[in-house]
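Heads up, the thing below is written out as structure tokens.
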Amino acid sequence: MEENKSVGNSPFGKTQGEQDKMEKIVALAKRRGFIYPGSEIYGGLTGTWDYGPLGVLLKQNIKQEWWKSMVQLRNDVVGLDAAIMMNPTVWEASGHVNAFTDPLVECKICHIRVRADKKDEISEHEKTHKDKTEWTEPRKFNLLVKAYLGVLEQEQTELYLRGEITQGAFVNFENVVSSTRVKIPFGIAQIGKAFRNEITPGNFTYRSREFEQMELEFFVEPNDAEADKWFEYWKKERLDWYKSLGMSADKLRFRKHEDTERAHYAKSAEDIEYEAPFGWSEFEGIHNRGDYDLKAHGLGYIDEDGKKFTPWVIETSGGVDRSALFFLLDSYREDEKRVWLSLNPKLAPFKVAVFPLLGNKPDLINKARSIYDSLKTHFMTAWDDRGNIGKRYLSQDEAGTPWCVTVDFESLDDDTVTIRDRDTAKQERVKIEELKNFISSKLA
Ligand code: GAP
């Protein structure tokens, strides 16, 4: 029962199996070009990550699917892309300058800092010292990252990189209302980078200092009945979205925030959590923000009857990086022969790979090239003519490519190819002219 053996102070999980799985994902992510440590050749920069050729496609696909379901397919949500740098008064009004804090304690032996509310991390750290560890009293630590704007040093404006993308939606509330035909209830959707001075970045990309959020701010009539109705509605929508993209239902759950852990703006909050190797972990929050933000910015709404009020906000706030990590973990498969990512084809970086059976036969190469050139106008398509076919399959399996097309000698006679399925490793013969429809129908 190797799986359940405790490994004590593991960075990634409490059992050997959990730790191994994380280490395999981290290694695969680097080896195959999903995720690299940020600024690696200069010794790195803690809490930052760079997405490689496969990772950028995975993230793009997640964002594209999110936008499709949250904006494109809806009549009541519009999009926005607000600036990362905002007038610093925004963050004073929003309460972040005062209240966007984590409690921090410092180990008196080695001076490492840990969040005071992370009891697990505290007890794990205590195990690293032979002597009894003493901690400082908790201190509040503001998470906003400061930046300086302006050419002359003495005239620079001190500002903050946004700690949540959210405030851009609130400060543009009246712009959106007056420039579109939205009527309450309606939402503003946005995807973009946020920055936080996290005390303990870790668990690979899970807690980073620079990360991407995908958020909806949904404005409703200001009363509990409406807010509760939409809160439940969005909870279900968001959980269903992750499931529809293949995330295992038994690894997903909601967790309601205790009164003591809610953010300063939230009337109520529930997280969507995934059972990661390092434990159940939040990757999306559904918040009832009440009228906190619009009131803080002095903004309001006038309905068709001329009634003035401050709408309440139901927010869904997901992490693109955490979703990408959990989609990778959830899709990881291995057996004695191979490792593959069983990603939903909509999320897979490449949809299809095209190979000539042999890399030194011009007829096969030319035919395969023309298929590749045609498919790549519709889908992200990979090309490989190195080594043998078996190795090329293994390589595409690790990248999560759902289908591999091979041009063989039969193809030269009858214009058919083999198409191999990533998950079953089964092959079927398909007419070249039907390839596009074959793949499109599976992506629909
Ligand atoms: N606007 C609300 C808000 O920002 P949050 O719970 O602080 O709420 C929402 O963050 C989501 O942003 C989280 O569920 C997570 O997916 C992502 N996120 C937050 N901090 C993160 C970090 N340090 N690294 C990666 N993702 C993070």
Quote the FRET efficiency, to the nearest 0.05, computed for TYR233 versus GLU410 with a Förster distance R0 of 45 Å and r equal to the Cβ-Cβ distance.
0.25
Between ILE109 and ARG262, what is 0.36 nm times their sequence separation minus the Cα-Cα distance? Round to one decimal in nm.
51.9 nm
Sketch the reach of a paramagnetic label on LEU149 as a point 7 Å from Cα along Cα-to-Cβ, and name the residues of the range 280-299 whose backbone nitrogen lies under 20 Å away.
297-298
Among the DSSP beta bridges whose two residues both lie in the chain, what percent are antiparallel, rounded to the nearest 5?
85 percent
Against the longest principal axis of the chain, how steep is helix 224-244, in degrees 0 to 90 to the nearest 10, with axes from Cα atoms?
20 degrees
7 Å from Cα along Cα→Cβ at both LYS127 and GLU275: what's the point-to-point distance in nm?
2.1 nm
For the chain, what is the accessible area per residue in Å², given a 1.4 Å probe and the full set of protein chains?
49 Å²
Where does each of TYR36, TYR206, TYR148 land when they are ordered by accessible area, with a 1.4 Å probe and the largest first?
TYR148, TYR36, TYR206
How far apart, in nanometres, would the label points at GLU40 and MET85 be if each is projected 7 angstrom from Cα along the Cα-to-Cβ direction?
3.1 nm
Applying the Karplus parametrisation 6.51 cos²θ - 1.76 cosθ + 1.60 with θ = phi - 60° to the phi angles of the range 150-165, what ³J(HN,Hα) value in whole Hz is obtained for each residue in order, glycine and proline being reported as x?
x, 7, 8, 3, 6, 10, 6, 8, 7, 9, 10, 6, 4, x, 8, 6
For the pair ASP373 and ASP224, how long in nm is the line joining their label points, each one 7 Å along Cα→Cβ?
6.8 nm
So for R0 = 25 Å, FRET eff. of GLU336-GLN427 from the Cβ-Cβ r, to 0.05, ends up at 0.80
In what sequence, highest mean first, do 418-428, 365-375 appear when ranked by Cβ atoms within 10 angstrom?
365-375, 418-428
For 133-143, 235-245, ranked highest to lowest by mean beta-carbon neighbours within 10 Å, the order is 235-245, 133-143
Using the beta-carbon distance between THR157 and GLN72 and R0 = 30 Å, what value does 1/(1 + (r/R0)^6) give for FRET efficiency, to the nearest 0.05?
0.20
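The values are calculated or read from the model by the stated rules, or taken from the named source; none is laboratory data. No experiment lies behind these values; they were computed from the predicted model shown. All Cβ positions, glycine included, derive from the backbone under ideal geometry; neighbour counts span all protein chains shown. Surface accessibility is based on the protein's heavy atoms, side chains included, excluding ligands, DNA and RNA. Shrake-Rupley method; radii C 1.70, N 1.55, O 1.52, S 1.80 Å.
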